[in-house]
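Reviewing the structure listed below.
The values are calculated or read from the model by the stated rules, or taken from the named source; none is laboratory data. Owing to the predicted nature of the structure, the values given are computational and were not obtained by experimental measurement. Note that each Cβ is placed from the backbone with ideal geometry, even for glycine, and that neighbours are counted across all protein chains shown. Note: areas computed on protein heavy atoms with side chains; ligands, DNA, RNA excluded. Shrake-Rupley method; radii C 1.70, N 1.55, O 1.52, S 1.80 Å.
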Amino acid sequence: MNAEVIIVGGGIIGCAAAYNLAKNGVSVLVLEGSDNIGNGGSTRNGGGVRQSGRDPRELPLVMYSIEHIWPHLSDMLDTNVEYYQEGNLRLGSTPQHQKILEGLAKSAASCGVDVRMISGDEARRINPYLSDAVTCASWCPTDGHANPLMATMGYYKMARRLGAHFISGEKVVELRKIKGAVRQVVTESGNVYEGDKIILAAGYESRFIASTVGIDVPMQPVLLETLVTEAVGPMFWQMLGTADADFYGHQTEHGSFVFGLNSGLEPFAKPGKPLSSSIAASAACRGIMHYFPDLSNIKVVRTWAGWMDACADHVPVISKVEEVPGLILACGFTGHGFGISPAVGLVLAQLAMEQETAVDLSALRYDRFQ
């Protein structure tokens, strides 16, 4: 099967790009290596849609998403993506935490984001469930959260409705050039697909696939873990984080709480399918109960883990590749991809269609490492 654009990776980035291309009448084929769409980081994250705590180089993407796309996404995709714009509290309890949060707030404010420092008492007025341990917080009222699974499936469903083709269980192992330009995608099963442009959005696997045409993106796999609780009545709608990043999360529309954490256990993780650990979940729970004692008796019903494609400088590569005409990279999102995915899907489609992008991507070029 041939298409004008082949997308490698069926996560939210690939699905969002497919939607934006198909909407513009471009023929699209999406190849997903696992048996399920969104089987990587897209459905294994805390759902944050935040500007606070971001590197200034990727801020324009999330600001564009929040201003122009997230508020309308449920209608666009005919799917309730459960987007709530109720603010982000990043919590601290020590002088060192205050220093970290002040640095993050100052950086965001210098880029035009409404992020400000507040006292523990001000934080408790916003969220009365906070413990007295909270002495300071950063507060961004325009941040929020959404449901990663519903957003990914919404893009997938609408892209298909608009004519995009998806093949799951088709693991890409090689890219091939014809007359100097990348044109062919070879899969583990031996199938060869041909396209005018190839968007590589396969998470950490992108590093191996890009290397088959001599391109390297400096990434490492980092293990992220998530826990979800039983459902309880509505308590609060803010997105939560901490100065030390010991957990982040929110309460969902369903009533359960979803909390994410970075355990630091990836050197000891088994290769292949990642497994969550009882050590990480219990450590996160201690941090959560420190700040939210009212959650102490809520049951954790399951945990899961996923690999994050951590880029060397902690921001993604979203870029054409001069040495390999036709190749477009979208990888190295370092756990920040979900919130910016609506804008990333748009700019990837614009790159593939040779249009000017809605957001300046010059700081995210792949050759910044050279």
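According to the square roots a ≥ b ≥ c of the eigenvalues of the Cα gyration tensor, what is the shape class of the stretch 188-264, taking rounded for a/c under 1.5, prolate for a/b larger than b/c otherwise, and oblate for the remainder? Prolate shape, in that a/c is at least 1.5 and a/b is the bigger ratio. For Glu354 and Glu323, a Förster radius of 22 Å and the Cβ-Cβ distance give a FRET efficiency of 0.75, rounded to the nearest 0.05.
Once you order the gyration tensor axes a ≥ b ≥ c over the Cα atoms, which shape class does the stretch 323-370 get: rounded for a/c under 1.5, otherwise prolate or oblate by comparing a/b with b/c? Cα axes put the stretch 323-370 in the oblate bin. Along the stretch 349-363 the Karplus relation, 6.51 cos²θ - 1.76 cosθ + 1.60 evaluated at θ = phi - 60°, assigns HN-Hα couplings of 4, 5, 4, 5, 8, 6, 9, 5, 7, 5, 10, 5, 9, 4, 6 Hz to successive residues, with x for each Gly and Pro. Solvent-accessible surface of protein heavy atoms, probed at 1.4 angstrom with all chains present, puts Thr142, Thr229 in the order Thr142, Thr229, largest first.
Here Glu205 sits with roughly 80 square angstrom of accessible surface, probe radius 1.4 Å. The simple Förster model, with R0 at 56 Å and r as the Cβ-Cβ distance, assigns Asp132 and Lys179 a FRET efficiency of 0.25.
For the pair Val232 and Asn80, label points projected 7 Å from Cα toward Cβ lie 2.2 nm apart. Summing Lys and Arg as +1 and Asp and Glu as -1 over all other residues whose Cβ lies under 12 Å from the Cβ of Arg207 gives a net charge of -3. Here the chain was treated as a single set of alpha-carbon atoms; its pair distances binned every 20 Å from 0 give 30, 57, 12, 0 percent.
What shape does the stretch 167-210 take by its C-alpha gyration tensor, where a ≥ b ≥ c are the square roots of the eigenvalues and a/c under 1.5 counts as rounded, a/b above b/c as prolate, and the rest as oblate? Oblate, because a/c is 1.5 or more while a/b does not exceed b/c. Between amide H atoms placed 1.01 Å from N, distances below 5 Å from Tyr248 occur with Gly260, all of them 5 or more places distant or on a separate chain. In order along the stretch 136-144, the Karplus-derived 3J(HN,Hα) couplings, from 6.51 cos²θ - 1.76 cosθ + 1.60 at θ = phi - 60°, round to 7, 7, 9, 10, 10, x, 9, 7, x Hz, and Gly and Pro are given as x.
Lysine pair count for the chain with Cα-Cα distance under 25 Å and sequence separation of 8 or more or different chains is 15. Our estimate of slack between Asn36 and Ser211, defined as 0.36 nm per intervening residue step minus the Cα-Cα distance, is 60.5 nm.
The slack in the chain from Arg124 to Glu4, taken as 0.36 nm per residue of separation less the alpha-carbon distance, amounts to 37.9 nm. If R0 equals 56 Å, the separation of the Cβ atoms of Arg161 and Thr94 corresponds to a calculated FRET efficiency of about 0.65. The length gained by stretching the chain between Phe268 and Val186 to full extension, at 0.36 nm per residue less their Cα-Cα distance, is 26.3 nm. When only the Cβ of Lys, Arg, Asp and Glu is charged (+1, +1, -1, -1), the dipole of the stretch 232-370 relative to its Cα centre reaches about 640 debye. Across the stretch 214-220, computed HN-Hα scalar couplings (Karplus, 6.51 cos²θ - 1.76 cosθ + 1.60, θ = phi - 60°) run x, 10, 10, 10, x, 10, 9 Hz from first to last residue, x flagging Gly and Pro.
A 1.4 Å probe run over the protein chains yields, for the stretch 198-240, 33 Å² of accessible area per residue, whole-number rounding.
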